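The values are calculated or read from the model by the stated rules, or taken from the named source; none is laboratory data. Please read these numbers as outputs of a predicted model, since none were measured by experiment. Quick reminder, even Gly has a Cβ in these numbers, built from the backbone with ideal geometry, and neighbours come from all protein chains shown. These area figures cover heavy atoms from the full protein model, side chains too; ligands, DNA and RNA do not enter into them. Shrake-Rupley method; radii C 1.70, N 1.55, O 1.52, S 1.80 Å.
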Protein chains: 2
Amino acid sequence: MSGDLVLYDVYSKLDPPQWSSNALRTRLALNFLQLPFDTVFLSYPDIEGHLSKLGLAPNSPPPYEARPRYTLPVIKDGDKFVSGSFEIALYLARTYAARGTRTALFPHNTVPLARLVADYLNDNVLSHARKIVLPRVPTWLDERGAAYFRTTRRKWLGVPLEEYYSGLSEQAKIRMDVLRGLDGISAMLRDHPEGPFLQGEECGYADLQILAVMAWIKQGDPDTWNTALESPEMRALWDAGKAWLA
Amino acid sequence: MSGDLVLYDVYSKLDPPQWSSNALRTRLALNFLQLPFDTVFLSYPDIEGHLSKLGLAPNSPPPYEARPRYTLPVIKDGDKFVSGSFEIALYLARTYAARGTRTALFPHNTVPLARLVADYLNDNVLSHARKIVLPRVPTWLDERGAAYFRTTRRKWLGVPLEEYYSGLSEQAKIRMDVLRGLDGISAMLRDHPEGPFLQGEECGYADLQILAVMAWIKQGDPDTWNTALESPEMRALWDAGKAWLA
């Protein structure tokens, strides 16, 4: 595919390489809107150098000792760069509606729905799932990326990633927390049983955010993912949207 | 007004008497849908006796030593009773859409939006505002209602209502928390600047829930309400919806 649009994503050795739940949100949005794009995969230690050379300003707030100056996803649309999955979604919705794209990323003015779903996922799903998934991330990365990930996360957490969450009984509790959060999503999907999406037959960015998180859990904790997919609503959403992950 | 619909609401000496944020949600929904209804105002100690005599089963889960068996709002629609503001909203949307009412309470399948806004309001606004508003509630009630309110809340909180939250500096912090929660609502309203509602020009139950909470804050903490209304988005929402509070 070739077009003016480029998605900067985090490199991994996986096939396909995409795994970051934030970058997956953008990938899903681009595919959902049927916008052709190229992907540039960057290993963690190369992100800052590559983006600063392109002229992009840091998109992460200081202080930079503890946090990276640049985070992905970033898109390049012609000469314009946009950072941050939600900001990118707003940009794509606005820009491509103006250029005549008919599919709405936020159908019937539902940006607030997408914002609240993002908060819901963060508070009720990601905050728990992270504890199981993050220690597994280095095994997916190239050697330099894995070393960078271990070093930075050790600095942020105060202990090695692998030691931060331990104990099988704790893992069982964490999985229960993740599934409880996803149950809330299934309940909302049941509100409009005529379709697989939160707004029924119409898919929007709120749904794409759920799909991105589910794909990340699928990679990082297949057991939890399998259990979650026993919900008929979650299964229907996944089946309806998984093609946009490609 | 007369019709088959009756709203059971909490009595007060205020003019107009309605003040409960939960019952206001139902009142707003009925008025928004242009459904004529009568109100029966019940003083707190009369709620259980009145509703059980009408044949309604308790709508609150046991144990009943600590919590009331019946909570308001309740509506009666012909022979049918429905309890709980969100359940009532779902019932009204389903029933009156089937009977040909054109106005949608959840426009474009946005029940999930309304659920998430309810959670947002509870976690970020009501949980804080309650600390300032609840001690003032007994002054609005009739003597028996006030005594009931003081006794039950003392039992639940472990100390008299008036002693539970004290100190001017704590109140200032609580007000800041309330305003921070409402700022999040204003930010969501800004997402669709073409209209005063969360979905732009279309009003739905998500907006009515905000209006009900705002009306309750107006009664219970006018200073905070005045400050909150300095947000142009909140002011526009209030002006667009306040007529449905009647």
Max mean-square fluctuation residue, GNM over chain A, Cα-Cα springs under 10 Å, options A:26, A:224, A:151: A:151
DSSP beta bridges in segment B:1-108 [antiparallel fraction, %, rounded to 5]: 55
Shortest-first nm distances, residue B:127 label point to equivalent points in other copies (7 Å, Cα→Cβ): 0.8
Reachable lysines, given that their alpha-carbon falls under 20 Å from the alpha-carbon of residue A:80 and they are not under 8 places away in the same chain: A:53
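Residue B:103 to residue A:230: FRET efficiency via 1/(1 + (r/R0)^6), r the Cβ-Cβ distance, R0 41 Å, to the nearest 0.05? Walk me through the numbers on the way to the answer.
On the way: r = 38 Å, r/R0 = 0.92.
Rounded to the nearest 0.05, the efficiency is 0.60.
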Label-point gap, in nm, between residue B:69 and residue B:95 - each point 7 angstrom along Cα→Cβ: 2.4
Gain in span if fully extended, residue A:223 to residue A:147, counting 0.36 nm per residue against the direct Cα distance: 24.7 nm
Pairwise label distance in nanometres, residue A:172 with residue A:187, each label 7 Å out on the Cα-Cβ vector: 2.5
Computed [θ] at 222 nm, deg cm²/dmol, chain B (DSSP H ≥ 4; -39,500 (n - 2.57); rounded to nearest 500): -15500 deg cm²/dmol
Peptide A:113-124 - average C-beta neighbours from other chains (10 Å radius): 4
Largest-first ordering by accessible area, 1.4 Å probe, given options A:11, A:44: A:11, A:44
GNM result for chain A, Cα springs below 10 Å: residue of A:186, A:231, A:169 fluctuating most strongly: A:169
Ascending list, in nanometres, of distances separating the residue B:86 label from those of the other copies (7 Å, Cα toward Cβ): 2.1
Relative contact order for segment A:111-244, counting Cα pairs under 8 Å that sit 6 or more residues apart, in percent: 29
Contact order relative to length of segment A:1-85, as percent, for alpha carbon pairs under 8 angstrom and 6 or more apart: 38
Alpha-carbon radius of gyration plus Dmax, which is the widest Cα pair, for segment A:5-99 in Å: 13.1, 41
Gain in span if fully extended, residue B:127 to residue B:239, counting 0.36 nm per residue against the direct Cα distance: 37.8 nm
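Can you tell me, using C-alpha contacts under 8 Å and at least 6 residues apart, the relative contact order of chain A as a whole percent?
23
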Förster radius 35 Å - calculated FRET efficiency between residue B:46 and residue B:163 (Cβ-Cβ, nearest 0.05): 0.80
Segment A:39-182 shape via C-alpha gyration tensor axes, a/c threshold 1.5: oblate
Directionally averaged projected area (convex hull, Cα atoms, segment A:1-49), nm²: 3.8
Label-point gap, in nm, between residue B:156 and residue A:86 - each point 7 angstrom along Cα→Cβ: 3.1
GluC sites (Glu not before Pro), loop per DSSP, at most 15 other Cβ atoms within 10 Å - longest free stretch of chain B: B:66-193
Size descriptor, Kirkwood hydrodynamic radius, that averages inverse alpha-carbon separations across segment B:111-244, Å: 15.8
All-pairs alpha carbon distance profile, segment B:94-156, 5 Å steps from 0, percent: 4, 14, 14, 13, 11, 11, 12, 14, 7, 0
Within chain B, longest stretch free of exposed trypsin sites (Lys or Arg not before Pro) [DSSP loop, at most 10 other beta carbons within 10 Å]: B:103-246
Binned Cα-Cα distances of the protein assembly as shown, short to long, each 10 Å bin given as a whole percent: 4, 17, 25, 25, 17, 10, 3, 0
Residue with peak Gaussian network fluctuation, chain A [Cα springs, cutoff 10 Å], from A:123, A:221, A:79: A:79
Inter-centroid distance (Cα atoms) of segment B:174-246 relative to segment A:28-107, Å: 32
Straight-distance crosslink candidates among lysines, where the alpha carbon sits under 22 Å from residue A:131 and sequence neighbours closer than 8 are dropped: A:13, A:155, A:173, A:218
P(r) tail fraction, chain B - alpha-carbon pairs more than 29 Å apart, %: 30
Per-copy distances of the residue B:142 label point, shortest first, in nm (7 angstrom along Cα→Cβ): 7.8
